[in-house]
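Report on one structure; see the data block that follows.
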Amino acid sequence: EDQVTQSPEALRLQEGESSSLNCSYTVSGLRGLFWYRQDPGKGPEFLFTLYSAGEEKEKERLKATLTKKESFLHITAPKPEDSATYLCAVQAYQAGTALIFGKGTTLSVSS
Amino acid sequence: GAGVSQSPRYKVAKRGQDVALRCDPISGHVSLFWYQQALGQGPEFLTYFQNEAQLDKSGLPSDRFFAERPEGSVSTLKIQRTQQEDSAVYLCASSQVGGNTGELFFGEGSRLTVL
């Protein structure tokens, strides 16, 4: 069964304290792995797409990486405005169009 | 509009009532998706439309759930005889390209509470 596990469930950081979020996945034929950001009461906002092991994408203080079994979202020198829930999702060749999401990691950054 | 618009934002229904949730995707977007997000969980896929054709409805949890997109633009998700387990946020998303994309534009969701 295709599944996505994110850890930790919650993470508290001080402003400027870098860290990483983990997304482990089990999928029969990965079409793509996606990171989203979700603010309270809002819909998810697309951040990155990763297609193959070794691939990296960057945007401002965020960098996403991918291996054959997991992805990391690295946050460098976070700011309070980076506080949100970060969702990881995979799309499998055999699952058609559906994205399979993890439960997310809720990040809180305090000043 | 600039983004995906959903209405109503909040809906309270008594158990057994029928509800209809509306989604206005970004103009010109071919693909439209519905997801269900329970409290503290990630979104779960319900159904997918390419233009007016419903190409995948494998995620609909029961035959009480029905979705349509008759003119290839606005979509409605209907839930008949609502149950308490239907309480969740229903998210609509659209994409400019076909369904094999994970880069989706989500609306803010419709929060359904069934009493």
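Odds and ends about this structure:
- Chain B - charge dipole about Cα centre, Lys and Arg +1 at Cβ, Asp and Glu -1, debye rounded to 20: 460
- Computed lengthening from A:Glu60 to A:Gln94, 0.36 nm per intervening residue step minus Cα-Cα distance: 8.9 nm
- Electrostatic dipole magnitude of the protein assembly as shown [Cβ: Lys, Arg +1; Asp, Glu -1; Cα centre; debye, to 20]: 440
- Taking the three principal axes of the alpha carbon atoms in chain A, the coordinate ranges are 44, 30, 20 Å, sorted in descending order.
- HN-Hα J in Hz across the stretch B:77-88 - Karplus 6.51, -1.76, 1.60, θ = phi - 60°, x for Gly and Pro: 9, 10, 10, 9, 6, 4, 10, 4, 5, 7, 4, 4
- Loop-resident GluC sites (Glu not before Pro) (DSSP state other than H, G, I, E or B) in the stretch B:1-93 with no more than 15 further Cβ atoms inside 10 Å of their Cβ: B:Glu52, B:Glu71.
- Neighbour count of at most 14 Cβ within 10 Å plus DSSP loop: longest GluC sites (Glu not before Pro)-free window in chain A: A:61-111
- FRET efficiency, A:Ser52 to A:Glu81 (Cβ-Cβ, R0 30 Å, nearest 0.05): 0.45
- Additional length obtainable on full extension of the chain from B:Thr113 to B:Leu55, 0.36 nm per residue less Cα span: 18.0 nm
- For chain A, with +1 on Lys and Arg beta carbons and -1 on Asp and Glu, the positive-most of A:Tyr86, A:Gly54, A:Thr65 along the dipole: A:Gly54
- In this Cβ point-charge picture (+1 for Lys and Arg, -1 for Asp and Glu), chain A has a dipole of about 120 debye about its Cα centre.
- Point-to-point label distance, B:Ala2-A:Thr67, nm (Cα→Cβ direction, 7 Å offset): 4.1
- Dipole of the protein assembly as shown, positive end: most advanced residue of B:Gln17, B:Ser75, B:Ala93 [Cβ charges, Cα centre]: B:Gln17
- Semi-axes of the equivalent ellipsoid of chain B are 22, 14, 13 Å, computed as sqrt(5λ) over the eigenvalues of the C-alpha gyration tensor in descending order.
All of the numbers you see were taken from the coordinates with simple rules; none came from a lab. Just so it is clear, the model here is predicted, and its values are computed rather than measured. Neighbour counts run over all protein chains shown; Cβ positions are idealised from the backbone, glycine included.
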